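Notes to accompany the following structure.
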Amino acid sequence: MNKLAITIILLVGIFGVAISQSLFIVSETERAIVLQLGDPVRGISEPGLHFKLPFIQMVAFLEKRILVYGAAQASAYTSDNTTIVVENCARWTIKDSPNGTQEFYKTMRTVTRAQAALGDIINAEMHVVVGRYTLT
């Protein structure tokens, strides 16, 4: 092969990689956050094909649907010092606003970390509520 053919093949390959790195698809059930050097640049909640700067920007995907938090059984004390076993669950979602997904990503980063933080809050409040009542 001559040098011109190798150069053309190489340029087409580089162009193909750059194009594939600059396109991403957001499905109907998720949101995307475009990150530039780890910082959120923009949030995308509309499904479809979107663009980003190749190799500079990354994309993080988050659920758009209602998420369910469920905890294992836990012991709680009533006001008359009786131990009862309770279970709890919660339904939650990421705020749907222009900055909602960016704020979520800045504070929590992942749904798993949000579930853990939510679990701490729910368990504390559950103990407070159960502690107000007697078993009878």
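Counting other C-beta atoms within 10 Å, and keeping those with at most 11, which DSSP coil trypsin sites (Lys or Arg not before Pro) do you find in segment 1-91? Each step should come with its number before you reach the end.
Values: sites: K3, R31, R42, K52, K64, R65, R91; in loops: K52, K64, R65.
Filter output for segment 1-91: R65.
Please tell me the relative contact order of segment 8-121 in percent, rounded to the nearest whole number, where contacts are Cα pairs under 8 Å and at least six residues apart.
Details: 160 pairs, mean separation 24.7, N = 114.
Worked out over segment 8-121, it gives 22 percent.
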> Share of the chain's accessible area from carbon and sulfur, percent, 1.4 Å?
Replying inline: 62 percent
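Just to be sure I understand: if I project the alpha-carbon convex hull of the chain onto a plane and average over all orientations, what area do I get in nm²? Walk me through the numbers on the way to the answer.
Numbers: hull surface 47.8 nm².
So the mean shadow area of the Cα hull is 11.9 nm².
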>> Taking θ = phi - 60°, what integer Hz values does the Karplus form 6.51 cos²θ - 1.76 cosθ + 1.60 yield along segment 12-28, in sequence order, with x for Gly and Pro?
In response: 5, x, 5, 5, x, 5, 5, 5, 5, 7, 9, 10, 8, 10, 9, 7, 5
>> What do you get for the angle between helix 111-130 and the principal long axis of the chain? Use alpha-carbon atoms, 0 to 90 degrees, nearest ten.
In response: 10 degrees
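List the GluC sites (Glu not before Pro) within segment 20-125 that DSSP assigns to loop and that have no more than 15 neighbouring Cβ atoms inside 10 Å.
Those satisfying the criteria are E28, E87.
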> For segment 48-55, what does the Karplus curve 6.51 cos²θ - 1.76 cosθ + 1.60, with θ = phi - 60°, yield as ³J(HN,Hα) per residue in whole Hz, taken in order and with x for Gly and Pro?
Replying inline: x, 8, 10, 10, 8, 6, x, 6
> Can you list residues whose amide H is under 5 Å from R31's amide H, if they're 5+ apart or on another chain and H is modeled 1.01 Å from N?
Replying inline: L62, E63, K64
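Keeping all protein chains in place, calculate the accessible area per residue for segment 10-83 (probe 1.4 angstrom), answer in Å².
Numbers: 4670 Å² over 74 residues.
Using a 1.4 Å probe on heavy atoms only, each residue of segment 10-83 averages 63 Å².
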> Just Y77, Y105, Y69 to compare: in a GNM of the chain, with alpha carbon springs under 10 Å, which one fluctuates most?
Replying inline: Y77
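Using Cα-Cα distances under 8 Å and only pairs 6 or more residues apart, what relative contact order does segment 15-66 have, in percent? Write out the running numbers ahead of the final one.
Working: 92 pairs, mean separation 22.6, N = 52.
Result for segment 15-66 is 43 percent.
The values are calculated or read from the model by the stated rules, or taken from the named source; none is laboratory data. What you see is a predicted model, and the numbers here were worked out from it, not measured in a lab. Please note: Cβ atoms are built from the backbone with ideal geometry, for glycine as well, and neighbour counts cover all protein chains shown. These accessible areas exclude ligands, DNA and RNA; they are computed on the full protein's heavy atoms, side chains included. Shrake-Rupley method; radii C 1.70, N 1.55, O 1.52, S 1.80 Å.
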